[in-house]
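The values are calculated or read from the model by the stated rules, or taken from the named source; none is laboratory data. The structure displayed is predicted, hence computed values, not measured ones. Here the Cβ positions follow ideal geometry from the backbone for every residue, glycine too, while neighbour counts run over all protein chains shown.
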Amino acid sequence: QKEVEQDPGPLSVPEGAIVSLNCTYSNSAFQYFMWYRQYSRKGPELLMYTYSSGNKEDGRFTAQVDKSSKYISLFIRDSQPSDSATYLCARGGGSEKLVFGKGTKLTVNP
Amino acid sequence: EPEVTQTPSHQVTQMGQEVILRCVPISNHLYFYWYRQILGQKVEFLVSFYNNEISEKSEIFDDQFSVERPDGSNFTLKIRSTKLEDSAMYFCASSDVAASGGPDTQYFGPGTRLTVL
């Protein structure tokens, strides 16, 4: 069973839309979940992380973990063309390795 | 803002040749990592390095691969006898011990695109 699964999309939305990006994970022992953003031909850049339950908000971004269903979500409010990128969910914690989902390619159209 | 740098940005090599990919992690970081991303696939962990030794490695990281921190600033990935399937983006990352709670943030470099012909 794969550790982190993510729908690769692609996802295309108009500017100003609310975007919902989702992943599932397999192991209840995972503690931290990350969302990375990757622009074309660049390395992944950490957006935010959440602990194994609850929500975390940072500006237009909200990360959510539903432990009962093993579901990870990232919501983007008032999406902008500059949000166009590939979004990677990952599990990890401390200094251990990150295990990534496949990434969802998002395009926000002006 | 400090950043992880990698050289070269693109490396083309013939099958069977050896390549060395270079990384300069963020200067006060203690943990170093290599990941790779084959075109269209996931970013995959290769190896982590701490205190001058490998702390964890994946199944991919076999005897063909080695890592080294030859001085206080560089971190290298050597691939011996390259194969066609080694063609990928290779990302270096580094992290520090988190100040309080939370995971240690891994900062990624821009990557080296390796093409094996």
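Here are the numbers for this structure:
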read-out	value
Pairs with Cβ under 6 Å, 6+ apart, first in segment B:1-30 and part of a strand (DSSP E or B), second of a type in the set (A, V, I, L, M) and surrounded by 13 or more Cβ atoms within 10 Å (Cβ to Cβ)	B:Thr5/B:Val24; B:Gln11/B:Val19; B:Gln11/B:Leu114; B:Thr13/B:Val19; B:Thr13/B:Val116; B:Val19/B:Ile79; B:Leu21/B:Leu77
Qualifying residue in segment A:50-61 (condition: modelled with pLDDT of 90 or more, in a strand (DSSP E or B) and of a type outside the set (D, E, K, R))	yes
Counted residues, segment A:82-110 - those being in a loop (DSSP other than H, G, I, E, B) and basic (Lys, Arg)	2
Count of residues meeting criterion [closer than 16 Å to A:Ser84 by Cα and within 12 Å of the chain's Cα centre (by Cα)] in segment A:23-47	8
Among (1) touching a residue at least 40 places away in the same chain (Cβ under 8 Å); (2) part of a loop (DSSP other than H, G, I, E, B); (3) more than 25 Å from B:Pro2 (Cα to Cα), the one test that B:Gly40 misses	(1)
Every residue from segment A:1-24 that is surrounded by 13 or more Cβ atoms within 10 Å (Cβ to Cβ) and within 14 Å of another protein chain (Cβ to nearest Cβ)	A:Glu3, A:Val4, A:Glu5, A:Gln6, A:Asp7, A:Pro8, A:Gly9, A:Cys23
Qualifying residue in segment B:77-92 (condition: aromatic (Phe, Trp, Tyr), within 11 Å of chain A (Cβ to nearest Cβ) and buried (at least 20 other Cβ atoms within 10 Å of the Cβ))	yes
The listed residue being within 21 Å of A:Tyr36 (Cβ to Cβ), surrounded by fewer than 19 Cβ atoms within 10 Å (Cβ to Cβ) and within 14 Å of chain A (Cβ to nearest Cβ), out of B:Asp104, B:Asp96	B:Asp96
Selection from segment A:69-110 of residues that are at pLDDT below 95, away from every other protein chain (no Cβ under 14 Å) and surrounded by 19 or more Cβ atoms within 10 Å (Cβ to Cβ)	A:Ile72
Set A:Ser73, A:Ser12, A:Ser20, A:Ser79: member being in contact (Cβ under 8 Å) with a residue 60 or more places away in the chain and assigned to a strand (DSSP E or B)	A:Ser12
